[in-house]
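Trainee: First, the structure itself, so that you have it in front of you.
The values are calculated or read from the model by the stated rules, or taken from the named source; none is laboratory data. Given the structure is predicted, the values throughout are model-derived calculations rather than measurements. Every residue, glycine among them, receives a Cβ derived from its backbone with ideal geometry; neighbour counts consider all protein chains shown.
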Amino acid sequence: MIAAATIVEVGPRDGLQSHETEVPTDRKVALIERLVAAGLTEIEATSFAHPKMVPHLADGADVMRALDRRAGVHYRALVPNHKGAVRAIEAGADAIVAFISASATYSERNQNMTVEQALAQLAEVADAARKAGIDWIAGISMAFGSPYEPEIPPDTVFALVEQCAGLAPAALYVADTVGGARPDDVRAMCQAIHRGWPQLTLAVHLHGADARGLACAVAAVDAGATQVETSICGLGGPVVRSPGADPVGNLATEAVVATFAVLGIETGLDPDAVAAAARDVAAMLGLPDGAGERPVPAADEVGALAGV
């Protein structure tokens with residue numbers, strides 16, 4: 001089993017963009033600084049989507065410019081297209097993140113583009129990052145299924161991986177956007193990508209606060225993924241699911257770090273420090289009591305589900 005994985009914190013972006021109320025800029029900055037104090041070094045700080053599409057993150061440039069820069073800490077920004085990439089670069093993002101969807105229907109509904117058009121935008125984002133001398137990260141949403149199609153064949157995902165790999169991303173993540181993947185699904189996908197494109201830094205974006213969600217993360221790392229995207233306090237979601245299905249939120253950073261520590265997966269993070277940060281973030285955002293202290297499933301149960 002791979003003995004190490006980098007935790008990529010996405011709560012400031014993925015979590016706050018759908019938060020019940022808009023969070024003021026200074027509080028967003030304070031939240032991010034608290035995460036850095038806990039030891040997190042890869043943080044998706046904001047988005048540069050059009051303010052009409054993501055109003056809660058309309059202050060993305062202000063947030064990015066206000067962050068105190070520290071050696072070894074990298075602030076990422078999600079961008080929807082070339083225009084967003086340029087804005088993020090001008091605001092001082094250390095890296096930009098752009099994704100395409102393995103679901104043709106989701107691509108047209110969520111991004112107002114065909115998959116082919118999204119790939120063209122991805123190439124423009126990659127070019128903007130290269131010219132600016134910063135990293136870019138590629139993402140593939142709906143990699144494990146979609147509520148709009150009967151299934152997403154793995155070959156569809158692999159074809160997108162091949163096209164993304166040609167654009168030389170610093171990392172590529174596959175996302176379980178519907179939050180229903182099983183550990184075996186995640187393992188098989190990550191194994192195939194790791195073997196087929198060993199030069200890629202492979203990441204995963206998963207969902208679920210239960211043992212299944214955590215087991216998917218463990219299975220991904222065991223199969224070759226070296227980055228796991230998580231969200232402090234499980235902020236974010238619900239993810240896109242079939243009608244009538246219960247919502248599934250993001251993997252909670254504190255739960256993943258604690259589980260990985262017990263299973264011997266090194267993250268470079270102190271579980272107690274991350275747990276303390278979760279409690280502080282919950283207080284900053286006025287989350288319900290206990291939101292920063294969710295129970296963590298037993299590591300042996302998670303390990304058994306993950307097959308390790």
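Trainee: Which members of the stretch 144-166 meet the condition of being aliphatic (A, V, I, L, M) and either without any contact (Cβ under 8 Å) to a residue 12 or more places away in the chain or closer than 20 Å to residue 104 by Cβ (or both)? Quick ask: steps written out before the conclusion?
Mentor: Looking only at the stretch 144-166, we keep the residues that are aliphatic (A, V, I, L, M), and these are 152, 157, 159-161, 165.
Correct list: 152, 157, 159, 160, 161.
Trainee: In the stretch 34-43, which residues are part of a helix (DSSP H, G or I) and either at pLDDT below 95 or buried (at least 16 other Cβ atoms within 10 Å of the Cβ) (or both)? Give the steps one after another, and end with the answer.
Mentor: So in the stretch 34-43, the residues part of a helix (DSSP H, G or I) come out as 34-37.
Of everything in the stretch 34-43, those that are part of a helix (DSSP H, G or I) and either at pLDDT below 95 or buried (at least 16 other Cβ atoms within 10 Å of the Cβ) (or both) turn out to be 34, 35, 36.
Trainee: Which helices (runs of 4 or more DSSP H) sit wholly inside the stretch 91-208 and have at least 3 residues that are β-branched (Val, Ile, Thr)?
Mentor: Numbers: elements: 104-110, 115-132, 154-165, 183-196.
In the stretch 91-208, the matching helices (runs of 4 or more DSSP H) lie at 154-165.
Trainee: Another question, if that's okay. With respect to residue 69, determine if the residue is more than 22 Å from residue 226 (Cβ to Cβ), out of contact with any His (no Cβ under 6 Å at 6 or more places or on another chain) and either at pLDDT below 95 or not in a helix (DSSP H, G or I) (or both). Break it down stepwise before answering.
Mentor: On the way: more than 22 Å from residue 226 (Cβ to Cβ): yes; out of contact with any His (no Cβ under 6 Å at 6 or more places or on another chain): yes; either at pLDDT below 95 or not in a helix (DSSP H, G or I) (or both): yes.
In short, yes.
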